[in-house]
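Following: one structure in structure tokens, then a few remarks.
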Amino acid sequence: MPIDYQPILLPNPGRTTAVTLAEYEKRGGYVGLKNALEKTPDEVTGVVKDSGLKGRGGAGFPTGLKWSFVPKMPGPKYLVVNADESEPGTFKDRDIMEVEPHTLIEGVAIGSYAIGCELAFIYIRGEYTVAGDRLNAAIAECKKAGLLGQPSTLKKADGTPFVLDIIVFLGAGAYICGEETALIESLEGSRPMPRSRPPFPAVAGLYMRPTVVNNVETMANVPFILEKGVDAYKAIGNPPNNTGPKIFCLSGHVKKPGNYELPLGKITLRQFIEEYGGGTPSGLPVKGVLPAGVSAPIIHSSQLDAVMDYDGIKGAGSMLGSASFIVMDDSVDMAWASSRMVEFFRHESCGKCTPCREGTSWLEKTMLRIVDGKGKEADLDTLSFVCKQIAGNTLCALGDFATSSVVSSLKLYKDDYLVRIGKKSSSDRAAE
Amino acid sequence: MTLSVATVTAIHAEVARYPSKKTALLPALKLAQKERGWLSTETLGEVADLVGLPHSHAIELASFYAMLFTEKVAPVRVEFCIQLPCALVGAEAALDKTAKLLDVEMHGTHGTRHGHTKDHQIELHGTVECYGACHRAPMCRVGDDYVENLKTDDDLKKLVGDVKIRAQQAPKH
């Protein structure tokens, strides 16, 4: 039985049009911003810290803590929303932006107030033109109502007007822009290649000014926290490490793919697939699940009782990441599946770090040789060796991500590789 | 040939919009491509001049991003996602059927496949890039538009019919 829960991020399941400002305000929209403006910026940061909200883009870094790193110095500070949603299997931020643009805008406004930002950016992947148009329309509504831009109808706790402008900026097709320093480079008009850190963006980010980069879903959580309070937020989820709601993307071999907003830590992966996803269309058992798009280790079917939160998925040998669950039934050859993921990372490597640039190319060539039936047993050792050379040796996480499916599939489904290289027959595998 | 007054005006507006003119380069390149269909060396130089940057900066960006084209492309591009979530629910079969319906001979293997109609009006691609529509798979992009839930032969026939109409209405390659 699906659990009893009233969604707050996507409260209109099935809706395809954007919620208007009037509709949003009718259900309590922008009350969170008004509450925030009655507090000092530090108090707002403190509330978000106390809520336990963690970044929903993948890394899971505590949001309030990130805001607190911004130094209190004069001059421009920037808040940048990472809406470069490009992880395969991930389509949650798209729904928020297309249907609930005001929730994101309100979150941006609250975050901007907390860090002292007067110009925020929403960096959207280039393909999401509908999301861009709808956000621009929602921003125009806010400007007309005096919530954004000038003159402002809102006053800060110190009595001065609250002034914020938001620019929607569309990228042009590059997965690497999901990495926060590459995104900043892209916004600055340079090739989007990750920066060495330190300095971290909180100190020297966009235009070398203090900058906070937060994911769309992260910012969409903020209005509720400021409207209803920390206790109400913490009542959702599984404190202390897993507070609040999470949008779980479900795709692949399920009858009912889609976005499902649920409290963290309240259901198991098996319940999610069977009760929400309707099980596999083929009726075949689940063979494995990718929980964070194609960037985290595959979860074996023996781990389907894992709880759906940061700790539960970690305990199952993987990571929650963007919570994008790709289900694969027993018909899937994991060597083939892994080859497709490796092709993605080879295509998307920005080329800056040699281990990633060369390594993903080696992985792709070796994988495709195996999938084409031309592989040898030594190729399996080559894959493991190359993965070791990439992991931990690159400026950003793309290199590590590229190795996840390879390492986990070799560990959990080695027979699929042995069949491909002719060391085992498919009937032997089936019999096992 | 110079860019139209409307495009030049829009590029100037972009330059004025951001704290740094360099930020305007990517939007400016997209505006130029919208008018020209692709970014020739001459167009890249023209855009760089309008933004006030060295030509090399424009080349650096144009040669990196998947949505910027430094070679001439067909006026109608159809791009099927064949990354894992889509591939698991029949995206590659949908791509093959679409190629057949459009009479396109496909080249390449695995996650990178491409072809075009004989008149070069339509390009068909299978790509490993995910477009964030895995819950409505199989899907493709036709230009900037998403066409989702391509589950049946009738869905694909309708797609191909619409694509052919676009190709007829588009400027000749």
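Structure values in brief
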quantity: Residue match in the range B:2-16 (condition: touching a His at 6+ places or on another chain (Cβ under 7 Å), part of a helix (DSSP H, G or I), within 14 Å of another protein chain (Cβ to nearest Cβ) and under 23 Å from residue A:129 (Cα atoms)); calculated: no
quantity: Selection status of residue A:203, more than 14 Å from chain B (Cβ to nearest Cβ), in contact (Cβ under 8 Å) with a residue 24 or more places away in the chain and crowded, with 22+ Cβ neighbours inside 10 Å; calculated: no
quantity: Whichever residue in the range B:75-97 is of a type in the set (Gly, Ala, Ser) and surrounded by 19 or more Cβ atoms within 10 Å (Cβ to Cβ) and, among such residues, is nearest to the other protein chains (Cβ to nearest Cβ); calculated: B:87
quantity: Matching residues, the range A:50-67, being over 16 Å from the mean Cα position of the chain (by Cα) and surrounded by fewer than 22 Cβ atoms within 10 Å (Cβ to Cβ); calculated: A:50, A:52, A:64, A:65
quantity: Residue match in the range B:48-58 (condition: within 12 Å of chain A (Cβ to nearest Cβ), of a type in the set (Ser, Thr, Tyr) and more than 26 Å from residue B:145 (Cα to Cα)); calculated: yes
quantity: Qualifying positions in the range B:98-124 - of a type in the set (Lys, Arg) and crowded, with 18+ Cβ neighbours inside 10 Å; calculated: B:113
quantity: Some residue of the range A:184-195 being buried (at least 22 other Cβ atoms within 10 Å of the Cβ), more than 11 Å from every other protein chain (Cβ to nearest Cβ), assigned to a helix (DSSP H, G or I) and in contact (Cβ under 8 Å) with a residue 24 or more places away in the chain; calculated: no
quantity: Subset of the range A:81-138 that is within 21 Å of residue B:28 (Cβ to Cβ), buried (at least 24 other Cβ atoms within 10 Å of the Cβ) and among the charged types (D, E, K, R) - its residue that is nearest to the other protein chains (Cβ to nearest Cβ); calculated: A:127
quantity: Residue list for the range B:49-63, filter: surrounded by fewer than 17 Cβ atoms within 10 Å (Cβ to Cβ) and part of a loop (DSSP other than H, G, I, E, B); calculated: B:52, B:54, B:63
quantity: Restricting the range A:345-394 to residues that are basic (Lys, Arg) and away from every other protein chain (no Cβ under 14 Å), the residue that is farthest from the chain's Cα centre (by Cα); calculated: A:376
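Each reported figure results from applying straightforward, stated rules to the coordinates on display, with no laboratory input. It should be emphasised that the depicted structure is a prediction, and the values quoted were computed from it without experimental measurement. In this analysis, Cβ positions are derived from the backbone assuming ideal geometry, glycine residues included, and neighbour counts consider all displayed protein chains.
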